[in-house]
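Remarks on the structure that follows.
The values are calculated or read from the model by the stated rules, or taken from the named source; none is laboratory data. These numbers were taken from a predicted model, which means no experiment stands behind them. We place every Cβ from the backbone using ideal geometry, glycine too, and count neighbours over all the protein chains shown.
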2 protein chains.
Amino acid sequence: MSNQEVPYKIYLTEDEMPKSWYNLRADMKNKPAPLMNPGTHKPMTAEELGQVFCAELVQQELDDTTPFIEIPDEIRNFYKMYRPSPLVRAYCLEEKLQTPAKIYYKFEGNNTSGSHKLNSAIAQAYYAKKQGLKGVTTETGAGQWGTALSMACAYLGLDCKVYMVKVSYEQKPFRREVMRTYGASVVPSPSETTEVGKKILAEHPGTTGSLGCAISEAVEVAVKNPGYRYVLGSVLNQVLLHQSVIGLEAKTALDKYGIKPDIIIGCAGGGSNLGGLIAPFMGEKLRGEADYRIIAVEPASCPSFTRGTFAYDFCDTGMICPLAKMYTLGSSFIPSANHAGGLRFHGMSTTLSQLYHDGYMEATSVEQTSVFEAAEMFARIEGILPAPESSHAIRVAIDEALKCKETGEEKTIVFGLTGTGYFDLVAYQKYNDGEMSDYIPTDEEIAASVAKLPKID
Amino acid sequence: MSNQEVPYKIYLTEDEMPKSWYNLRADMKNKPAPLMNPGTHKPMTAEELGQVFCAELVQQELDDTTPFIEIPDEIRNFYKMYRPSPLVRAYCLEEKLQTPAKIYYKFEGNNTSGSHKLNSAIAQAYYAKKQGLKGVTTETGAGQWGTALSMACAYLGLDCKVYMVKVSYEQKPFRREVMRTYGASVVPSPSETTEVGKKILAEHPGTTGSLGCAISEAVEVAVKNPGYRYVLGSVLNQVLLHQSVIGLEAKTALDKYGIKPDIIIGCAGGGSNLGGLIAPFMGEKLRGEADYRIIAVEPASCPSFTRGTFAYDFCDTGMICPLAKMYTLGSSFIPSANHAGGLRFHGMSTTLSQLYHDGYMEATSVEQTSVFEAAEMFARIEGILPAPESSHAIRVAIDEALKCKETGEEKTIVFGLTGTGYFDLVAYQKYNDGEMSDYIPTDEEIAASVAKLPKID
């Protein structure tokens, strides 16, 4: 079918939505290294993980052999409220850039959480409900994950406790109000509601909190309260599994029009969107059925792939979670205060880390002023105000399209537009006022936090 | 076709999108009364209107006989960036209400302006561009219209000056930043940039502004600056014409599944959404081809239809615009300060006013706490955080569905979900905190502003 016939937005029918998630690990020869008990340095068992996570999610976390896992009907029905998401042909952007490249983006922002996070939130909430739990706990930084989880819990009638990093709680009152509207209880972290929170408040009075501390509080509450478990919105294998719905839909849409992408681009923080978007394409690559250039884009201010170390590390700064083997800047690494938006996790999905280590994908880093420049251009041309996170992928997609303009190559570029920037206008204001700056950590700074990696024999 | 087969979301293909707008006035026996020159009390001529509005838009404003007006390709291409919009079957809401009613909503919020306003913004900006103008001016209150116009102007490379009511400018900094991101200049009104602004500031130092004042400033700038015209986001016939795309798409989607609605519900401020949604259905009703219950929903705090007078009145509180014959509370009427959200216009579209006067539609008013109760319920069940304006329609749709539960009738209800509430979280917070109250104006208050209606012989 000729590209002339491709509409602005390719929508699948609800029947064409995937009926199973795709478990990329099943096709990996070198499996991602297992999560490790930080005390014993042995792989975490299902029993150990089950104290923190729901039983069925633990199975998904540990299963690296089953290629397809059926999506329960209840989750598919929820998906139908906001999915299938459109695969958009960026005709206007192509014209503006005067590029021979063909640019597509998979847009995950058309739901109230404003991002792809809802794909995993509903799955995790569903399994918690199925297990007969009362509720779940989690942490949230910028608030996308907390909002998504609140929506999923409201739908299922599950209690939802969100520990929100105090500085975000205060600076993003609207994110907080969305979560409250969805019935979640939102607690600024650190708080007096947990032992770890009290300890941190005693040691650091006036602290504005951190994601690591919020994780510690959420985990403590989940472990101490019968009928509760902890859930996490990125990094984990289970999350990448649920997010494969992004890539599966994108691939079906492309196949419908006989389009084969040359380059697939996604932003990378913990890896949930990137892992989901690339899943079926990477699967073909692993099985030797097709080849694609796959590019992870991360902020220059938090460059885990491009400047991190591939080693076992804590997933949280509080060092209470299991160890994961991943590209990491060290769990004590904190991005510069001028960094806007998400993608501030020090580590990376173990699955993506292994694939990167094995040469199946590339990574690049970009500075935030150039990211916001791309974001504003995209907003004006394509009509969608993108999330700062998503705009990392936009930046590199534009750069690749401009390279095609130079070489005359008609490459097909697909990128993930993970969400909208409606709750990021403080950052846009900074950019509009010319007050945004860049910061690239020095080698010494990275070496200092990497030096604190746990010693594993 | 059985309703069993109706998907959660009915999407048209881009080919099925309307190629013409539908001009409801062509099918009206009693045409809406013409706009009147406030000085001469004679109908405004094309020449007079052309000093303020673009030439082609003046033609559309005055044309009450041509039933279909072709949508230029450039506008259709822009529409394709965010249209067709889905007609959603509210399966989850139906189940929650345990109603035999079938509920559908046409969702116009999946674009960055967050509402249906973009449908007319791109049309008005397009004709300004076609006329070779440099730019357009407008006013905005809550900010949806200003955002939509900014987006349209950014796309076409047109200058955009927005006069934003000062209180909104200060209380809704994020709306302002979205407009700035789209390249608009946003001026808090009243301002020192216009004669009328200076005069008002001198007379009322420290005023936080009003929509009427912002209109006056925007009109002054348009008239005084060569290459500029003024544009307006509601009330006008041209706006209802452009917004007919909502109803035309909805009707095509329903027809595809053989569905005939019994009740069509829309919120009503100036009438842009309601007039657009009902257009083709009302057309059938006017031609005697079908019958529908059509319900306009307005805030109890600003009840133009249900408690206003059908008479000639100014469209602006500054009394510089033409007179329109409409249901009005008087141009000096200002809703109570505790009223959240839009729908605060004292008057109503002349077209809808005539239709209401002639008995072709009903109107009802609802109080805002019950509106936010419906909004929160809808958000939790259907996964979309609705705009306060749209939630007026949700409230009445739920009430009608509950009546069906009592009577056992399987009515089909269609309502307009005009937009999202992402920029209305101050109001949601008030509701969440139990601090929202209702206010219904007294008969005396309404009589006082109606007494100031202009005297027309």
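Looking only at the range B:388-404, filter to residues that are over 26 Å from the mean Cα position of the chain (by Cα) and more than 23 Å from B:GLY258 (Cα to Cα); which one of those is nearest to the other protein chains (Cβ to nearest Cβ)?
Going through the qualifying residues, I end up with B:LEU402.
Only one of A:LEU385, A:LEU453, A:LEU402 is in contact (Cβ under 8 Å) with a residue 12 or more places away in the chain and within 28 Å of A:ARG25 (Cβ to Cβ). Can you tell me which?
Residue meeting the stated conditions: A:LEU453.
Identify all residues within the range A:379-409 that are part of a helix (DSSP H, G or I), closer than 17 Å to A:GLY266 by Cβ and of a type in the set (A, V, I, L, M, F, W, C); write none if there are none.
Within the range A:379-409, A:ALA393, A:ILE394, A:VAL396, A:ALA397, A:ILE398, A:ALA401 qualify.
Tell me whether the range A:181-192 contains one or more residues that are at pLDDT 90 or above, of a type in the set (Ser, Thr, Tyr), more than 30 Å from B:PHE378 (Cα to Cα) and surrounded by fewer than 18 Cβ atoms within 10 Å (Cβ to Cβ).
No, because not a single residue in the range A:181-192 is at pLDDT 90 or above, of a type in the set (Ser, Thr, Tyr), more than 30 Å from B:PHE378 (Cα to Cα) and surrounded by fewer than 18 Cβ atoms within 10 Å (Cβ to Cβ).
Give the residue that is surrounded by the most Cβ atoms within 10 Å (Cβ to Cβ), with candidates limited to residues of the range A:88-110 that are within 13 Å of chain B (Cβ to nearest Cβ), at pLDDT 95 or above and within 24 Å of the chain's Cα centre (by Cα).
In this case the residue turns out to be A:GLU108.
Is it the case that some residue within the range B:315-325 is without any contact (Cβ under 8 Å) to a residue 12 or more places away in the chain and either away from chain A (no Cβ under 14 Å) or within 28 Å of B:TYR8 (Cβ to Cβ) (or both)?
The answer is no; no qualifying residue exists.
Can you work out which of the residues in the range B:410-419 that are touching a Pro at 6+ places or on another chain (Cβ under 7 Å) and not hydrophobic (A, V, I, L, M, F, W, C) is farthest from the other protein chains (Cβ to nearest Cβ)?
Only one residue tops the list, namely B:GLU410.
For the subset of the range A:350-375 comprising residues that are free of Cβ contacts under 8 Å to residues at least 60 places away in the same chain and in contact with a Pro (Cβ under 9 Å, 6 or more places away or on another chain), which member is surrounded by the fewest Cβ atoms within 10 Å (Cβ to Cβ)?
A:ALA374
So in the range B:11-44, with the set limited to residues that are closer than 23 Å to B:TYR327 by Cβ, surrounded by 13 or more Cβ atoms within 10 Å (Cβ to Cβ) and among the polar types (S, T, N, Q), which one is farthest from the other protein chains (Cβ to nearest Cβ)?
B:ASN37
Got at least one residue in the range A:151-174 being farther than 17 Å from B:LEU385 by Cα and under 15 Å from the mean Cα position of the chain (by Cα)?
The answer is no; no qualifying residue exists.
Quick one: in the range B:333-344, which of the residues that are in contact with a strand residue (DSSP E or B) (Cβ under 9 Å, 6 or more places away or on another chain) and not small (Gly, Ala, Ser) is surrounded by the most Cβ atoms within 10 Å (Cβ to Cβ)?
The residue in question is B:LEU343.
State the number of residues belonging to the range A:422-450 that are under 30 Å from B:GLN144 (Cα atoms) and without any contact (Cβ under 8 Å) to a residue 60 or more places away in the chain.
The total comes to 7.
In the range B:410-420, what residues are assigned to a loop (DSSP other than H, G, I, E, B) and either closer than 30 Å to A:ARG176 by Cβ or within 21 Å of the chain's Cα centre (by Cα) (or both)?
Residue satisfying the conditions is B:THR418 alone.
Does the range B:275-297 contain at least one residue that is under 30 Å from B:GLU220 (Cβ atoms), buried (at least 24 other Cβ atoms within 10 Å of the Cβ), assigned by TED's automatic domain parsing to the domain that holds B:HIS357 and touching a strand residue (DSSP E or B) at 6+ places or on another chain (Cβ under 6 Å)?
no
Taking the options B:VAL178, B:VAL167, name whichever one is β-branched (Val, Ile, Thr), modelled with pLDDT of 95 or more and not assigned by TED's automatic domain parsing to the domain that holds B:GLY270.
Result: B:VAL178 is the single residue among B:VAL178, B:VAL167 that is β-branched (Val, Ile, Thr), modelled with pLDDT of 95 or more and not assigned by TED's automatic domain parsing to the domain that holds B:GLY270.
Quick one: A:THR147 ticks every box in (1) more than 11 Å from every other protein chain (Cβ to nearest Cβ); (2) buried (at least 24 other Cβ atoms within 10 Å of the Cβ) except a single one, so which number is it?
So the condition that A:THR147 fails would be (1).
For the range B:163-208: of the residues being in contact (Cβ under 8 Å) with a residue 40 or more places away in the chain and in contact with an Asp or Glu (Cβ under 8 Å, 6 or more places away or on another chain), which is farthest from the other protein chains (Cβ to nearest Cβ)?
Among them, the one singled out is B:VAL196.
For the range B:421-452, give me each residue that is within 25 Å of the chain's Cα centre (by Cα), within 13 Å of chain A (Cβ to nearest Cβ) and not in a loop (DSSP other than H, G, I, E, B).
B:LEU425, B:VAL426, B:ALA427, B:TYR428, B:GLN429, B:LYS430, B:TYR431 - these are the residues of the range B:421-452 that are within 25 Å of the chain's Cα centre (by Cα), within 13 Å of chain A (Cβ to nearest Cβ) and not in a loop (DSSP other than H, G, I, E, B).
Please state which of the following conditions B:ASN225 fails to meet, knowing it meets all the rest: (1) within 19 Å of B:PHE68 (Cβ to Cβ); (2) assigned by TED's automatic domain parsing to the domain that holds B:GLN144; (3) polar (S, T, N, Q).
(1) is the only condition that B:ASN225 fails.
When you look at A:GLY383, is it surrounded by fewer than 24 Cβ atoms within 10 Å (Cβ to Cβ) and at pLDDT below 95, yes or no?
The answer is yes for A:GLY383.
What's the total number of residues in the range B:244-263 that are among the charged types (D, E, K, R), in a helix (DSSP H, G or I) and either touching a Phe, Trp or Tyr at 6+ places or on another chain (Cβ under 9 Å) or surrounded by fewer than 24 Cβ atoms within 10 Å (Cβ to Cβ) (or both)?
So the answer is 3.
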